[in-house]
1. Checking the conditions here, which among 309, 317, 345 is assigned to a helix (DSSP H, G or I), closer than 20 Å to residue 388 by Cβ and of a type outside the set (Lys, Arg)?
2. Just one of the numbered conditions (1) closer than 18 Å to residue 441 by Cα; (2) surrounded by fewer than 21 Cβ atoms within 10 Å (Cβ to Cβ) is not true of residue 272; which one?
3. Mind checking which pairs have a first residue in segment 372-400 that is under 14 Å from residue 347 (Cβ atoms) and a second that is at pLDDT below 90 and of a type in the set (S, T, N, Q), Cβ under 8 Å, 6 or more apart or different chains?
4. For residue 265, only one of the following conditions fails: (1) in a helix (DSSP H, G or I); (2) more than 25 Å from the chain's Cα centre (by Cα); (3) at pLDDT 85 or above. What is its number?
5. Just checking, does segment 321-337 include any residue being buried (at least 17 other Cβ atoms within 10 Å of the Cβ) and outside any helix (DSSP H, G or I)?
6. Taking residue 295 and the conditions (1) buried (at least 16 other Cβ atoms within 10 Å of the Cβ); (2) outside any loop (DSSP other than H, G, I, E, B), which numbered condition does it fall short on, given that it satisfies the others?
7. Just checking, which of 26, 31 is out of contact with any strand residue (DSSP E or B) (no Cβ under 8 Å at 6 or more places or on another chain) and at pLDDT below 95?
8. Any idea which of 165, 173 is within 27 Å of the chain's Cα centre (by Cα), among the aliphatic types (A, V, I, L, M) and in the same structural domain as residue 17 (by TED's automatic domain parsing)?
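The values are calculated or read from the model by the stated rules, or taken from the named source; none is laboratory data. Quantities reported herein were computed from a predicted structural model and do not represent experimental measurements. Every residue, glycine among them, receives a Cβ derived from its backbone with ideal geometry; neighbour counts consider all protein chains shown.
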Amino acid sequence: MSKMANLTCSVRYAKGVGEKRAQLFKKLNIKTVSDLLYHFPAYYEDRSNVVPIGQTSSGKRQVIQGQVLLVNQFKITKKLSVFKAAIRDNSGVIYAVWYNQSYLNKLVKKGKELVVSGKVELKFNQKQIKVEDFEFLSGDEKDNLHLRRIVPCYPLTEGLSQRMLRRIIKTNLEEKSFYLIDSLPSEIRKRYSFISLPEALNNIHFPEDFSRQKEARRRLVFEELFLLQSALALKREEHKKESGIPFSTDRELTSSFFHYLPYSLTLSQKKVIREILEDMRSFRPMNRLLQGDVGSGKTVVATLVLLTAIANGCQAALMAPTEILAQQHWLNLRQLLAPLNIKVALLVSDLPPGDKKEIRTGLKKGGIQLVIGTHALIQKEIDFNELGAVVIDEQHRFGVMQRLSLRSKGKSPHVLVMTATPIPRTLALTSYGDLDLSIIDELPPGRKSVITRWTSGSKRRQLYRFIREKLKTGRQAYFVYPLIEESEELDLKSAQEAAERLQGDIFPDFRVCLLHGRMRREEKEAIMDSFRKKKIHILVSTTVIEVGIDIPNAS
């Protein structure tokens, strides 16, 4: 078996795993031995400092070490049993307490050396430690995984414990280190003084001190970015070899569009348009990321891309992450393109079957020139007559495969992806290194910059006063909540509960309305239409509305 095969084989063959545990590991997205070794700790606990029993302090989590003097097990109720062990060192005695751990009677015996961590308390005139973790003292400190060291704490799933996972990872690290292949070239490791891959993995899981953990993390982070950039560089090279459709950008249709625009373009928009048109004139298909704040004018730029394809006899598609955003684009583009007599369609998942069929036929035969939609656009049954340009809005909400799926509907179409999320240039080049980057860094006249402020719950009344003053001047407001139902597992506000409270207690003299993803399309359309027409003052929503919505009056 090759080195790579040893690491890519199923995790069930890893020592200590087996078929049953492999199913649990799958829930953590650990499918291979390599996945197991790269399942890094979420955080660490420093349990390296062993405190003499006589110096322990009540109320603190501490680590103690000593010899078991005596053990006692008893029941408090039918469902609650207690196991106690008196532990002594040279400075004193403490009672270690476990609850509902009857199996310990066979393990913890008088005379054994024990290391224990937990919260120290004073009860019944006894110093007690409520045991969170323990370990029998080993002669070899390397065998200590849970105490007397910096201890890794991993993301878990039901059925797996920290102790079990530490032991499995430690065992397989020792067994599989030989099979690890270092992906960093030796000259790079030497230039940046990186430790070897086996050493890095060992120190990220079981560091002797935090300086070694940082050294391991530095090397592994670099490796991840190095591999990402290498893959993106290969992708760019492959993209350069593709043959695209060189479009003529001097067409009557695009000239007419600018003629009918009711406003002038900003200098930033003009600069970005020049970059895009240069791409679309070349034999290499455009692959560009457009970044700009909400209201900066990305839609006009995107419309030019779509129109250029249509003017050259091709079809165009715009994909958005939510039905609300797709509908917003559809309404805006219908209005912008009304004088140009272009056949535009909206394709979303909950359209009536008859309407979907009509759109599919129109796309396949070429009758529909421009389609705007959600993920419904990348379904297998969607075929284009000749797709020449693709625009993807809010790129970060789609995976790479979804972007490629839409792109594959045509023969190397020109692709523009857009985001309103501010991305530092260095990060953009790292995350989207296969894309050329354009930025609209100027707002149209009259548009104010977005101000983002964080406020604590204690200043909620001040926030409400501020919103009320804005509402009185005719402005509108959004309240965005992550969930639409209460969850016992997640401490998050419910949008339904918030809407009732805002309407009943906080803003009874203004109209508050709730919007969420489970509503029917007709309901969502009606609410958004009312909000645009200022019939609704406050819109309470889940994250269905968090991206890309452009309603200038909602300040």
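1. On the way: 317 fails: assigned to a helix (DSSP H, G or I); 345 fails: assigned to a helix (DSSP H, G or I).
None of the other options fit; the residue is 309.
2. (2)
3. Taking only residues 6 or more apart or on different chains, the pairs are 374/322; 374/349; 375/349; 375/402; 376/349; 378/402; 378/405.
4. The one condition residue 265 does not meet is (1).
5. yes
6. For residue 295, the failing item is (2).
7. 26
8. Checking each option against the conditions leaves just 165.
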